[in-house]
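Read the figures in this text as sums done on the coordinates, not as results from a lab. Values in this document were obtained by computation on a predicted structure and should not be read as measured data. As a convention, Cβ positions derive from the backbone with ideal geometry for all residues, glycine included, and neighbour counts pool all protein chains shown.
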């Protein structure tokens with residue numbers, strides 16, 4: 001049995017076919033053009049679906065969307081990065097084109113589901129997943145299922161305030177925020193290796209951190225340490241309130257790998273109350289950039305269950 005999984009993010013779109021074990025058998029990846037808005041993304045999905053449906057005869061569709069979602073109806077509340085999504089009935093739109101059961105959730109929730117069932121979270125419970133991409137999102141999986149809380153609540157860790165002035169975790173730890181901090185820092189210190197790399201190849205500056213850290217670049221080390229301190233402080237709220245067995249770091253920034261993971265694991269206990277020490281295990285996303293599409297395949301399986309909360313079946 002096969003399923004369709006869709007990841008709709010602020011920078012990329014993925015449409016995949018996969019099976020019940022979470023294995024992807026066909027993938028279509030697109031770069032999102034913000035100028036084309038939600039309509040442009042929908043056009044890409046609409047052109048990709050017919051041949052995918054013809055080849056694999058999927059049983060259901062799952063979607064991880066980069067923004068607030070009414071998971072009970074499949075209506076998109078909004079996207080913070082891409083215009084043209086506000087109040088869009090994505091579940092209905094997809095059902096009309098596929099004639100299949102459709103389930104839609106926030107991309108961080110979907111990534112958490114993927115990691116809990118097929119990634120680094122297997123065998124752990126509860127599982128908390130944080131995605132560090134164009135924004136910062138979080139998802140909690142308890143007993144193998146996404147925990148939503150009372151509507152309209154979600155695990156919106158990116159909107160945790162780091163101080164009383166309203167500084168959001170997302171404004172400090174998202175990939176875009178780190179890019180901005182690097183750009184500001186290299187103006188003052190352009191002769192570091194990080195500065196030289198960014199001058200040679202500007203844009204998406206955080207991607208240069210890996211090479212700079214490997215060379216023990218002082219500026220890269222300082223900026224990562226500052227980012228990790230903010231991230232660990234934000235995650236301490238998750239630990240003190242929700243007590244996950246594991247925290248999984250995902251999204252583009254998590255591709256930094258062990259330098260990021262080890263620093264978060266070492267810094268997190270500083271902000272966790274003594275009785276909760278040593279705190280949860282910290283791991284990198286085992287599915288790497290496939291956490292959301294694999295989670296969407298898992299979500300599609302749920303869509304097949306008649307009467308499941310938040311699921312709308314095909315007419």
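Comparing 186, 248, 130 in a Gaussian network model of the chain, where Cα atoms under 10 Å apart are tied by springs, the biggest mean-square fluctuation is seen for 186.
Normalised by 2.2 N^0.38 Å, where N is the number of residues, the C-alpha radius of gyration of the range 67-197 stands at 1.29. When the alpha carbon gyration tensor of the range 122-286 is reduced to an equivalent ellipsoid, its three semi-axes come out at 29, 16, 15 angstrom, largest first. Structure remark: mean-square fluctuation, Gaussian network model of the chain, C-alpha springs under 10 Å; the largest value among 216, 243, 80 belongs to 216.
Helix 37-56 and the longest principal axis of the Cα set of the chain meet at an angle near 60°. If R0 is 41 Å, the Cβ-Cβ spacing of residue 191 and residue 281 corresponds to a FRET efficiency of close to 0.55.
Taking 1.002 mPa s as the viscosity and 20 °C as the temperature, the Stokes-Einstein diffusion coefficient of the range 14-143 based on its alpha-carbon Kirkwood radius rounds to 138 µm²/s. Pair-distance distribution of the range 210-299: all C-alpha pairs, bin width 5 Å, starting at 0; shares per bin in whole percent are 3, 13, 22, 20, 18, 13, 8, 2, 0. Taking the C-alpha atoms only, the angle from helix 175-188 to the longest principal axis of the chain is near 30 degrees. Between helix 258-267 and the chain there is an angle of about 70 degrees, using the helix long axis and the longest principal axis of the Cα atoms. Label-to-label distance, residue 96 versus residue 304, with points set 7 angstrom from Cα along the beta-carbon direction: 2.7 nm. Largest first and in whole Å, the equivalent-ellipsoid semi-axes of the chain read 33, 23, 17, each the square root of five times a Cα gyration tensor eigenvalue.
Relative contact order of the chain: 24 percent, from C-alpha pairs under 8 Å at least 6 residues apart in sequence. Would any residue of the range 31-54 have its amide N under 19 Å from a label point 7 Å out along Cα→Cβ of residue 19? List them or say none. So the set is 52-54.
Working ranking of peptides 50-58, 193-201 by packing, defined as the average number of other Cβ atoms within 10 Å per residue, highest first, is 193-201, 50-58.
Global dimensions of the range 166-219 from alpha-carbon coordinates: Rg and Dmax equal 11.2, 35 Å.
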